[in-house]
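The next block holds one structure in the form of structure tokens; read it before the comments.
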Amino acid sequence: MKAAVVRALGEPLVIEERPDPEPGPGQVRIRVEASGLCHTDIHAAHGDWPVKPNPPFVPGHEGVGLVEKLGDGVTHLAVGQRVAVPWLGRACGRCEHCLSGWETLCEQQVNTGYGCDGGYAEKMLAWADFAQPVPEGVGPFDAAPLTCAGVTTYKALKVADVRPAQLVAISGVGGLGHLAVQYAKIAGATVAAIDVTDDKLELARELGADLVIDARSQDVGAELKKHGGAHAAIALAVNPAAFEAVGSGLRRGGKLVMVALPAHGTIQVPIFDTVLNGTSVIGSIVGTRQDLAEVFRLHAAGRTKVIYETRPLASVNESIDEVLRGEVKARLVFDLETGR
């Protein structure tokens with residue numbers, strides 16, 4: 001099989017031939033149809049974060065494909081069934097986080113494309129209990145971005161406890177943000193979308209944003225305050241300054257939900273204003289298996305639209321450069337089925 005491999009952190013990925021992996025007990029082998037390119041994959045390949053992956057490894061945590069082989073003990077999945085493999089590759093299932101519905105906080109978790117090989121390959125392994133069945137009617141190229149970009153923003157809105165008629169600010173309208181706008185509208189919120197490119201601001205309008213704020217020429221905080229301030233601000237732009245800008249637009253009691261992970265990013269949190277205004281700064285990390293099942297159900301019901309472009313896996317390095325230059329409208333998805 002072909003795979004895009006990180007041989008050394010910070011170096012271009014290498015397309016190489018590898019033997020088909022064999023599933024161990026509790027695992028399945030998947031013939032990958034589509035695999036989304038998430039900014040986290042770029043951070044992984046570059047070794048941007050304090051906890052670094054160990055090369056060589058295959059990135060990718062938005063892999064979707066058909067089960068090809070079952071490992072011992074797997075009875076709830078079938079050969080030929082379409083599944084998605086998210087960032088949460090495996091959790092222990094026994095700790096207080098797992099047992100209380102917060103498996104994404106498990107300290108023993110293994111992350112797909114980081115702690116084990118991911119979806120930038122024609123075939124991949126997954127732990128069967130964490131391979132999410134994809135409903136009928138949801139194709140692989142829609143399912144791939146939903147597997148991370150979708151579930152991550154859906155969970156962030158849950159963490160923010162978004163309610164009808166609240167003002168929700170979405171900072172960064174890209175692979176994650178275009179879905180966040182839709183989930184906020186489904187929740188009944190008034191949505192303010194913030195970005196620095198014309199095509200993404202227009203996309204936000206098309207997807208139902210009530211307000212659009214161009215951070216190049218407008219003061220984000222001041223614009224939000226004109227509308228009473230945001231009840232919740234979902235920080236998706238990979239830029240610490242964008243976190244501070246949208247956080248400055250919270251109303252009293254508002255919540256800044258941090259989702260994006262800029263390398264070495266920090267923000268200043270003013271103690272007096274935070275205490276006086278009763279605001280919160282919260283981290284939100286991807287979503288659980290139940291969250292992903294809900295995301296897929298919403299999409300199968302026609303409630304969301306995924307904006308993507310396909311690329312061949314052979315273009316992985318050029319595709320990463322496209323993302324870093326900010327030239328991608330929403331999501332890039334590698335086509336492992338046809339190679340286009």
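The values are calculated or read from the model by the stated rules, or taken from the named source; none is laboratory data. Bear in mind the structure is a predicted one, so any value in this text is a computation, not a measurement. Cβ sites come from the backbone with ideal geometry, for glycine too, and all protein chains shown count toward neighbours.
Residue check: is A241 hydrophobic (A, V, I, L, M, F, W, C), assigned by TED's automatic domain parsing to the domain that holds A44 and surrounded by fewer than 17 Cβ atoms within 10 Å (Cβ to Cβ)? So A241 fails the test. Only a single item in (1) in a loop (DSSP other than H, G, I, E, B); (2) under 21 Å from L276 (Cα atoms) is not met by G208, and it is number (2).
Looking at S280, S315, S284, S248, just one residue is polar (S, T, N, Q), surrounded by fewer than 23 Cβ atoms within 10 Å (Cβ to Cβ), in contact with a Lys or Arg (Cβ under 9 Å, 6 or more places away or on another chain) and under 30 Å from L9 (Cα atoms), and that residue is S284. Counting only helices (runs of 4 or more DSSP H) that fall entirely inside segment 239-340 and contain at least 2 residues that are more than 26 Å from A169 (Cβ to Cβ), the qualifying elements are 289-300, 316-324.
Just checking, does segment 165-179 include any residue being surrounded by fewer than 24 Cβ atoms within 10 Å (Cβ to Cβ), in contact (Cβ under 8 Å) with a residue 24 or more places away in the chain and either more than 16 Å from the chain's Cα centre (by Cα) or within 23 Å of R303 (Cβ to Cβ) (or both)? For segment 165-179, residues surrounded by fewer than 24 Cβ atoms within 10 Å (Cβ to Cβ), in contact (Cβ under 8 Å) with a residue 24 or more places away in the chain and either more than 16 Å from the chain's Cα centre (by Cα) or within 23 Å of R303 (Cβ to Cβ) (or both): present. Right, A260: of a type in the set (G, A, S) and within 18 Å of the chain's Cα centre (by Cα) or not? Considered against the rule, which asks whether it is of a type in the set (G, A, S) and within 18 Å of the chain's Cα centre (by Cα), A260 comes out as yes. The C-beta contact set for segment 189-205 (first residue closer than 18 Å to V168 by Cα, second residue buried (at least 17 other Cβ atoms within 10 Å of the Cβ) and among the basic types (K, R), distance under 9 angstrom, 6+ apart or interchain) comprises V191/K185; A193/K200; K200/K329; L203/K329.
For A301, the criteria (1) of a type in the set (A, V, I, L, M); (2) free of Cβ contacts under 8 Å to residues at least 40 places away in the same chain; (3) in the same structural domain as I194 (by TED's automatic domain parsing) hold in every case but one, which is (3).
Close contacts from segment 43-72, counting a first residue that is without any contact (Cβ under 8 Å) to a residue 24 or more places away in the chain and at negative phi and a second that is basic (K, R) and outside any strand (DSSP E or B), with Cβ to Cβ under 9 Å and a gap of 6+ residues or different chains, come to none at all. Quick one: in segment 180-206, which of the residues that are surrounded by fewer than 24 Cβ atoms within 10 Å (Cβ to Cβ) and among the small types (G, A, S) is nearest to V323 (Cα to Cα)? Selected residue: A187. Please tell me if G137 is modelled with pLDDT under 95 and either buried (at least 20 other Cβ atoms within 10 Å of the Cβ) or of a type outside the set (D, E) (or both). Yes; evaluated as a whole, the condition is true for this residue.
Taking the listed residues G208, G177, the one that is in the same structural domain as S248 (by TED's automatic domain parsing), in contact with a Lys or Arg (Cβ under 7 Å, 6 or more places away or on another chain) and within 22 Å of E309 (Cα to Cα) is G208, with no other qualifying.
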